[in-house]
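As structure tokens, the structure follows; a few thoughts come after it.
The values are calculated or read from the model by the stated rules, or taken from the named source; none is laboratory data. For clarity, every value in this text was computed on a predicted model and none was experimentally measured. Every residue, glycine as well, gets a Cβ built from its backbone with ideal geometry; the counts of neighbours run over all protein chains shown. Note: accessible area is taken over every heavy atom of the protein model, side chains too, but ligands, DNA and RNA are not part of it. Shrake-Rupley method; radii C 1.70, N 1.55, O 1.52, S 1.80 Å.
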Amino acid sequence: MNLKAIRRPLLTLAALSSMTLFLVACASTAPVCGSPQSRNLNTAIDGVQTSLINGCHAHFDRYYDELLDIAEGDPKPENKREFSEFLVWSSDQGLLSTRQAEDYYNRFFNVKFMSMRGDYNNCSHTCPNKQKVLFDMERELSDKERGLLKVSRDADGYYRADQLYQEVELVLEATCNACAAGR
């Protein structure tokens, strides 16, 4: 009987067993990043915060979307405050910068548009990209509909945002025409 022939499969089997134990050990230390189980917004936020603290920070966007879904099931004005507190907590925990937290909140719960910041020249920046700017604002208006109307029942806020979008569209058209005529 050849000992080398027997030893080789045994070493391979031992190596595979060790690798399997290593993979199982690694898998057991990975965080479980499941969806919130509660349909109550406060309870769901508590669960999401626990998951985020336990290593699921890469899932922040998904969690935020799921919290919005849960809030849509029980829309009320207090939901704005709940999301604001959640975003402040997220910033305090270092999951988001202060600016990112403000952007999340404003995108869904404020009438001002994050996609149309006033920190650049319209003729040189906005007009060449007018269609993209308007498309981004339209998508943001959809998010505002979700946050303001469906989550927090703030119809007045949503209609102000919608009116602002329409006004910006008109002003941008006139501004870009003026910019083109001045060249």
In segment 130-152, the residues that are more than 15 Å from GLN163 (Cα to Cα) and among the polar types (S, T, N, Q)
GLN131, SER152
With respect to SER91, is the statement that it is surrounded by fewer than 18 Cβ atoms within 10 Å (Cβ to Cβ), over 27 Å from VAL48 (Cα atoms), free of Cβ contacts under 8 Å to residues at least 40 places away in the same chain and not aromatic (Phe, Trp, Tyr) true?
no
Yes/no for VAL168 being farther than 24 Å from ASN42 by Cβ and open to solvent by less than 80 Å² (accessible area, probe 1.4 Å):
yes
Does VAL151 meet the test of being open to solvent by less than 40 Å² (accessible area, probe 1.4 Å), of a type in the set (Val, Ile, Thr) and within 19 Å of TYR64 (Cβ to Cβ)?
yes
Of all residues in segment 52-63, which are open to solvent by less than 90 Å² (accessible area, probe 1.4 Å) and under 17 Å from GLU85 (Cα atoms)?
LEU52, PHE60, TYR63
If I filter segment 64-77 down to residues being touching a residue at least 60 places away in the same chain (Cβ under 8 Å) and surrounded by fewer than 18 Cβ atoms within 10 Å (Cβ to Cβ), which single residue comes out as farthest from SER152 (Cα to Cα)?
GLU72
Identify, please: which residue in segment 94-136 is at pLDDT 95 or above and among the hydroxyl-bearing types (Ser, Thr, Tyr) and is, among those, surrounded by the most Cβ atoms within 10 Å (Cβ to Cβ)?
TYR104
